[in-house]
Each structure stands twice: as C-alpha cells, then as structure tokens.
Amino acid sequence: MTDSLRNAAPAAQRPTLMKAATYAAVTAAAVMIAMKLGAWFLTGSVAMLGSLVDSSLDAFASIINLIAVRHAITPADREHRFGHGKAEAIAGLAQGALIVGSALFLFAEAVRRFFSPVEIAYSNIGIGVIIISILITLSLVVFQMYVVRKTQSVAIGADSLHYKSDLLMNLGVIAALVLTAYFGLWWADAAFGLIIAGFVAYAAGQIVRRSYDQLMDRELPDEERERIIAEVFRHGDVLAMHDMKTRAAGGDCFIQLHLELDPGLNLHRAHDIADEVELALAALFPSAEVLIHQDPLGVVPEDYPGRVTRDMALRKGGEFAAGVA
C-alpha cells in the first residue's frame, strides 16, 4: 500500500473519488495526445515521439483503469463475497504489459536514431507543448495522490506512478530539443530517448510488482501489522493473539485473527470483547473487513508459531510483527 490505511476515506466516499480520478486521467491523456501528435509532426523528434507514444498508452491504460475501477467498486455479491477489488490489480498488470511494450518500441527507435540522426525542426513549438504537458500532468498527479491516500486504490496508484514518470520524461524531451536544436548535439535526441525508455520500463516494473502482490494476497506491510497488534492489545481483556492474517484487494483490506481470552468469561462477554476489538480496528482501518475468533487462554500452546502475548506486546512494542503468521 502507498499510504497508511488509517488515512482511508469512508467507504461511501471512495467510489466517487476513484471515478473522478479515472475521468481526470483519461481527459488529461487525450489533451496531451492531441498536442504531442501535432508537435511530433512538426519537429520529427524521437524524444517527442516517445512522449507521444507514452501518452497514447497512458490514455489506453487509463481507459482500462476506468473500466476496472467501475467494476472494482461494485458491492460484493453472491458470487463474489469478498467484493471485486482485485479487478484493480488485473488492470495494473495490463498497464504494466502495455508500458513494457512502449519502452521496447522507444528503445528500438532511439537506437535507430543513433545511426540515422534526423534534424529537429520547430523546436520552440515542441518545447511549448511539453511545458503545457508538464503542467497538466503535475495537476493530475497531485489529484491522483490525494485519491490514492484516501482510497488506497492500486489502479489509481498505478496510473499515478506512470504519470509521475511522465514528468521526468517531459523534462528529458525539453532537454533533448534544446541540446539538439540550439547546441547541435545531434545525439542528444536519441540519448534522451534511451533514458526515457529506461524510466518507462522502471515504472512498468513497479506497477507489475504491486499488482502481483495483491493478486497473490501478500500480507500488509509490517508497519500496518504492528498497528493492528498494538490496537488489539489496547483492550485490557485480550491476553494473547495468534493466526493473524491480512491482505488487500484494491482499496479494501481484510484482517482476521484469533483472540485468547480468560477461560472464565462467559460466551456473551467474549463476544462483546471481540466486537469491541473489531470496532477499534475498523476505526483504525476504515476500509477493512475484520473477522475475529475467540479462544480461551491455554488452548493454544505457548510456543505456537506467530503467537503474541500481552507481555510481548508491551515489551517489544511491535518488533515481532514481521514474524506473526
């Protein structure tokens, strides 16, 4: 996850924010494609071509995101009891594949330009177009970062990641145009094309990794697990806990664990304690679905893998979280 799940917006607000981010991305990409297409025809710059290709793929990826997000925010149904959040991770993998393809195309074109340099024309127009693109992209990224912070959406996060790489790419295009047109460094256009291809490939790797983690139900980050453990032991009746499992699907988070309670408690009180802990975790992680099971202390062996006692929690504070099974 890119930010703490504690900052997540209430569930009712998340769909609106996520849809707004996808519409903004598609609109921004369409505007930049139109500008860069005209600039490439005029300049013939391979760096500009790389930026155009990237914006075209951005638009396609953002359309995939729009479709995936609309599916992901659909409430859980009879066939999908855990919701549809993994649609975001699938969209992220699709984006990664598209971006890798654009990086390979750009790399090949840049290498070709090293051996067959082309004169850059109308460089001022190209520079102006890129400056406008930077302003549009920067505005979009700021909005996307806000939405990711509030929704923990992996699809919006993937979109934001490659739009951030676009900012660096556009700066590289400006440098290539200036060095080629004003300083006669014919190789600069191809060189920056290669650099841009590298940034694009790196962005693809980040997107694929995050999407894969969600599809494979990777545990939440250690710091989030530490917060869960600390919150559980804020309740004075919890003596120990074990079998904590966490995962994320899109902006949704799933937490399950076993509480160990005083064997002398009646069933009604044990149920109340579990409900109180569940409410506390839901307040800490607004997008989480929490499932808690109650066990009497002594049923689980003291050396049970991943078991955490109150004494351990007080003594170590959360350093044990990475080892909790």
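Nothing in this text is a laboratory measurement; each read-out follows from the coordinates by a stated rule. For clarity, every value in this text was computed on a predicted model and none was experimentally measured. Here the Cβ is made from the backbone with ideal geometry for all residues, glycine too, and neighbour counts use every protein chain on show.
What's the local net charge at Ser56, with K and R +1, D and E -1, over the other residues with C-beta under 13 Å away? Don't jump to the answer; show the numbers that get you there.
Details: positive: Lys36; negative: Asp54, Asp58, Asp166.
In short, -2.
How are the alpha carbon pair distances in the stretch 134-229 distributed across 5 Å bins from zero to the largest one, expressed in percent? All Cα pairs, binned at 5 Å, distribute as 2, 12, 16, 16, 17, 12, 9, 7, 4, 3, 1, 1, 0 percent.
If R0 is 22 Å, what FRET efficiency do you get for His271 and Arg310 from their C-beta distance, rounded to 0.05?
Working: r = 20 Å, r/R0 = 0.92.
It comes to 0.60.
Report the Cα centroid-to-centroid distance between the stretch 99-114 and the stretch 213-286 in angstrom, as an integer. Value for the Cα centre distance between the two parts: 48 Å.
Per 0.36 nm of contour for each residue apart, how much would the distance between Thr74 and Trp187 grow if the chain were fully extended, relative to their Cα-Cα spacing? Let's see the in-between values first.
Working: separation 113, 0.36 × 113 = 40.68 nm, distance 5.05 nm.
Gain in length upon complete extension: 35.6 nm.
Protection proxy ranking for 98-109, 229-240, 149-160, using the average of other Cβ atoms within 10 Å per residue and placing the highest first: 149-160, 98-109, 229-240. With bins 10 Å wide starting at 0, give me the P(r) of the stretch 222-323 over every alpha carbon pair, in whole percents. P(r) over the stretch 222-323, rounded to whole percents: 15, 51, 30, 4, 0.
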